[in-house]
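K.L.:
Before we start, here is the structure in question, set down as structure tokens.
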Amino acid sequence: MSRTSSLYFNLFILLFSSLQAISKGSDTALSIESHFTFTNSTLTNQMLTFGFFKNGFTLADSDTECAFKSTFPVSGNVSLHGGTLTLDSDLIFQNKTVLGTSGEFSADDHMIDFCETITGIPATEVTIFDNAKLFTNTNFNITGSVKFSGYCSIDGRGNSFILGSDGHIIIGHDATLELRNLEMFGIYNNNVRCMDHSAKLILDNIRWVQRGDYTFT
């Protein structure tokens with residue numbers, strides 16, 4: 001094989017491999033997975049039905065997408081780096097999960113249960129929840145911008161939901177956010193807001209505590 005042909009062949013292999021989605025786990029038998037980093041692909045990466053991601057996982061960057069299909073809880077170090085995690089099953093974080101960086105959770109009406117070791121949403125990236133049912137198990141801190149689309153709910157299970165000085169809750173166009181069973185602290189100015197008149201905020205069994213004047217427009 002000539003040097004030119006060899007170069008073209010290597011480039012083809014590199015391009016072909018970059019187009020392939022990565023599937024981890026199994027659809028037929030229990031598969032305990034080591035920590036894995038999913039990379040960007042033209043197809044969606046997958047965490048399969050019987051994959052047990054007890055050691056966490058990482059999305060490489062904001063262009064990386066992965067579908068979560070596992071029936072098992074997740075623990076370990078988890079980082080999305082602004083990427084998109086699509087839920088085909090409920091996502092239950094188990095102690096001692098560490099959420100290093102956040103991203104977009106496209107939940108399709110599935111549950112996301114944050115364990116006690118997840119005490120808030122990292123502020124390194126904008127976090128987006130789409131059609132998600134969120135549950136917290138400890139006092140929860142919002143230190144950056146969290147956006148909600150579709151119909152989302154947060155059940156605090158009697159815990160506090162604390163907005164830091166740069167914490168914002170933003171309800172998108174034609175979206176609904178329902179807050180239930182929590183005490184909400186740190187509200188001021190317009191750090192809880194709707195994008196426009198089509199958005200809706202529902203409060204159910206809430207204690208609303210402001211730290212300054214609040215403007216709802």
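The values are calculated or read from the model by the stated rules, or taken from the named source; none is laboratory data. Small disclaimer: the values here were computed from a predicted structure and weren't measured. Please note: Cβ atoms are built from the backbone with ideal geometry, for glycine as well, and neighbour counts cover all protein chains shown. Just the protein is used for accessible areas: all its heavy atoms, side chains included, with ligands, DNA and RNA removed. Shrake-Rupley method; radii C 1.70, N 1.55, O 1.52, S 1.80 Å.
K.L.:
If you roll a 1.4 angstrom probe over the protein chains with everything in place, what fraction of the accessible area of the stretch 74-200 belongs to carbon and sulfur, to the nearest %?
P.N.:
Values: 2230 of 4900 Å².
Percent of accessible area from carbon and sulfur atoms in the stretch 74-200: 46.
K.L.:
Further question on the same structure: Let me understand the stretch 21-111 better: what is its radius of gyration from the alpha carbons, and its Dmax, in angstrom?
P.N.:
Reported Rg and Dmax, both Å: 11.6, 33.
K.L.:
What are the radius of gyration and Dmax of the stretch 126-165, computed over its Cα atoms and given in Å?
P.N.:
Considering the stretch 126-165 through its Cα atoms, Rg and Dmax are 10.4, 26 Å.
K.L.:
Now for a separate question. Which listed residue (GLY51, ASN159, THR86) has the Cα farthest towards the positive end of the charge dipole for the stretch 46-165, taking +1 on Lys and Arg C-beta and -1 on Asp and Glu C-beta about the Cα centre?
P.N.:
ASN159
K.L.:
Cross-link candidates for LYS147: which lysines have Cα within less than 16 Å, leaving aside residues fewer than 8 places away along the same chain?
P.N.:
Those lysines meeting the cut-off are LYS133, LYS200.
K.L.:
Suppose every Lys and Arg Cβ carries +1 and every Asp and Glu Cβ carries -1, with no other charges. What dipole size does the stretch 123-217 come out with about its Cα centre, to the nearest 20 debye?
P.N.:
200
K.L.:
Order these peptides, 156-168, 134-146, 192-204, by their mean beta-carbon neighbour count within 10 angstrom, highest first.
P.N.:
Packing order, densest peptide first, comes out as 134-146, 156-168, 192-204.
K.L.:
A follow-up question, please. Run the dipole for the chain about the Cα centre, Lys and Arg Cβ at +1, Asp and Glu Cβ at -1, nothing else charged, and hand back the magnitude in debye, nearest 20.
P.N.:
Details: 13 positive and 22 negative charges, 82 e Å.
So the magnitude is around 400 debye.
K.L.:
Name the lysines eligible as straight-distance cross-link partners of LYS24: C-alpha to C-alpha under 23 Å, and not fewer than 8 places from it in the same chain.
P.N.:
LYS54, LYS69, LYS96
K.L.:
Sticking with this one: Hey, what angle do you get for helix 3-19 against the long axis of the chain, alpha-carbon based, 0 to 90 degrees rounded to 10?
P.N.:
Taking the Cα atoms of the chain, the angle to 3-19 is about 30 degrees.
K.L.:
Work through the residues other than LEU48 whose Cβ is under 12 Å from its Cβ and net out their charges, Lys, Arg +1 and Asp, Glu -1.
P.N.:
Counting the neighbours of LEU48, the net charge comes to -1.
K.L.:
With a 1.4 Å probe and every protein chain left in place, work out the accessible area per residue of the chain in Å², rounded to a whole number.
P.N.:
Value returned for the chain: 50 Å² of accessible area per residue.
K.L.:
For the chain, give me the percentage of DSSP beta bridges that are antiparallel, rounded to the nearest 5 percent.
P.N.:
Of all bridge pairs located within the chain, approximately 0 percent are antiparallel.
K.L.:
Under 11 Å from the Cβ of SER153, count the other residues' Cβ atoms, weight Lys and Arg +1, Asp and Glu -1, and hand me the total. Kindly include the intermediate steps, with their values, before the conclusion.
P.N.:
On the way: positive: LYS133, ARG180; negative: ASP109, ASP155, GLU178, ASP204.
Here the count lands on -2.
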